[in-house]
Amino acid sequence: MKLEAKWVALWVMTVGTFLVVLDSTAVTLALADIERDFGTDSGIEWVFTAYIVALGVTQLASGWISDSFGRKNAFIATLTVFTVGSGLCAMAPSLPVLVAFRVLQGLGGGLLIPVTTATIFETFGPYERGKAMGLWGIALTVAPAVGPLVGGAIVETVGWRWVFAVNVPIGGVGALFAWRIMTASRPGGHRSLDVIGLAVASVSTSALTIGLSEAESWGWLSLPTVASLAIGLGGVAWFVIRMLRRSHPLVNVALFANRTYALGVVTSALIMVTQMGRGLFIPLELSSTRGIADITVGFVLLPAGIGLGAFMPFGGRLTDRFGSRGPVTVGALLMGLGFALLSRLGPETDLWFIALALTIGGIGAGIGMMSPNIVAMTALRFDEVNQGAGLTSVARQIAVAVGVTGLVAVSAAVEDTPFESGDPVTQAAIDPFNAVFATCAFVMALVLVIAQWLPGPKWMRAMQDARSAEQP
């Protein structure tokens, strides 16, 4: 691929990823309007949950799909399915139909992240992958930050259906550009699809995600929760054993035997949990507890998104030169400081202080968030990249589901009495959020310790030379 074309292709993939990630956060501010339009008072959470579950199902098969059909074809197909699903969501006549179309949307969106990761590692040389991953990482991290602002603005001006409809022209143009610009990759060989393994993994990861998502409302010891978690954990254990025994597994879990890959995935997952926690609880605190308008909440979050996006390419270039130990250490310190400041909020705290704390954390995420993912993929051989990208996405999603559920449990444990909208804002109403952010600060301290075992510049140079020699 020509120099100019591959960078244009990167931006096409970045836009596609941005749409998928943005949709998962922007839609949260539309839920109240959707509930009101459809005249229902239950089941609205499935608009969000169904999408997340569907994302995980296709991520399991991403390696097989890319190997069988090539990454260009996989990218175009997944962006097309996501775009069609978005258009159908915008026209949904009822809540059950909307949930069904959200599943279709998620089935398309689930492939974009692992396919794009693998494509970057095939297209770009070992010495420029960090820069490319840093630019692409803007989509992964800025989209959740601006999602509330975009979603709030769309809902308040033209209505919730446009949260989905806006994806259609952008996704259509993106698929067309991908068809014209991206270079077709060589399929990795038509190995048979493990249908049984995929079915069991899909059911078990879906059950695990649903059980963790609904445990607070169902009750942790209720039959639906216990059954969902038992099916999920049992199915995942069976799936792992099956994958270890197969010569051509659907997901190569044996990659976790690679120490650097495993450390990178674990570090990336821990950082992602805290970022998702921030993205969930800050809007809740500002909007539901403090009564701040949705669009104002978006503006409070915006500086963090700008800082994150500005420093993400810088973090990628640092990783190319020095490995991930330094960038993750600096990033964890800044993210930990940001969460520590957020854990000290009170009823009278000014919005500028909250925005400052978020911006400090956003800059830290920009420097350190993509770095462990870069070294994890660099640690793999060229023929392991497809499998590694899919496994990383699945592991990260499971970690986020478990981690965010844990943060919700922390909040519930600290909450003294339920806060009702319109009640005076007291310290007791703020304390559950402070506890969540203190927990995130503790997780960042753990990341800071793990970072010292991540590879430094000597390892990075040696691995870049090795990968450069083996790349076709």
Original post:
In segment 271-324, which residues are at positive phi and crowded, with 24+ Cβ neighbours inside 10 Å?
Top reply: G323
**OP:** Can you tell me which residue among V436, V404, V408 is in contact with a Gly (Cβ under 7 Å, 6 or more places away or on another chain), assigned to a helix (DSSP H, G or I), touching a residue at least 60 places away in the same chain (Cβ under 8 Å) and surrounded by fewer than 22 Cβ atoms within 10 Å (Cβ to Cβ)?
**Re:** V404
Subject >> Failed item, numbered, when G159 is tested on (1) modelled with pLDDT of 80 or more; (2) assigned to a helix (DSSP H, G or I) >> reply: (2)
**OP:** Name the single residue, out of those in segment 114-133 being over 18 Å from Q59 (Cβ atoms) and in contact with a Phe, Trp or Tyr (Cβ under 7 Å, 6 or more places away or on another chain), that is surrounded by the most Cβ atoms within 10 Å (Cβ to Cβ).
**Re:** A132
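Do you know which residues across segment 287-312 are within 16 Å of A153 (Cβ to Cβ) and either touching a helix residue (DSSP H, G or I) at 6+ places or on another chain (Cβ under 7 Å) or outside any helix (DSSP H, G or I) (or both)?
Passing the criteria: S287, I292, A293, D294, I295, V297, G298, F299, V300, L301, L302, G305.
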Subject >> Residues of segment 125-177 classified as among the aliphatic types (A, V, I, L, M) and within 20 Å of the chain's Cα centre (by Cα), total >> reply: 13
Original post:
Which of (1) farther than 30 Å from A466 by Cα; (2) of a type in the set (A, V, I, L, M, F, W, C); (3) at pLDDT 80 or above is the odd one out, the single condition A412 does not satisfy?
Top reply: (3)
**OP:** Give the residue, chosen from L95, L55, that is in contact (Cβ under 8 Å) with a residue 40 or more places away in the chain and within 18 Å of the chain's Cα centre (by Cα).
**Re:** L55
Original post:
What is the number of the single condition among (1) over 18 Å from A399 (Cβ atoms); (2) of a type in the set (G, A, S); (3) in contact (Cβ under 8 Å) with a residue 60 or more places away in the chain that G234 does not meet?
Top reply: (3)
Subject >> Count of segment 73-129 residues which are among the small types (G, A, S) and closer than 19 Å to G390 by Cα >> reply: 7
Original post:
under 20 Å from L22 (Cβ atoms) and in contact with a Leu (Cβ under 8 Å, 6 or more places away or on another chain): does that describe G366?
Top reply: yes
Original post:
From L55, L19, L79, which residue is farther than 27 Å from L193 by Cβ, assigned to a helix (DSSP H, G or I) and assigned by TED's automatic domain parsing to the domain that holds R161?
Top reply: L19
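The values are calculated or read from the model by the stated rules, or taken from the named source; none is laboratory data. All values reported here derive from a predicted model rather than from experimental measurement. For neighbour counting, all protein chains shown are included, and Cβ atoms are generated from backbone atoms with ideal geometry for every residue, glycine included.
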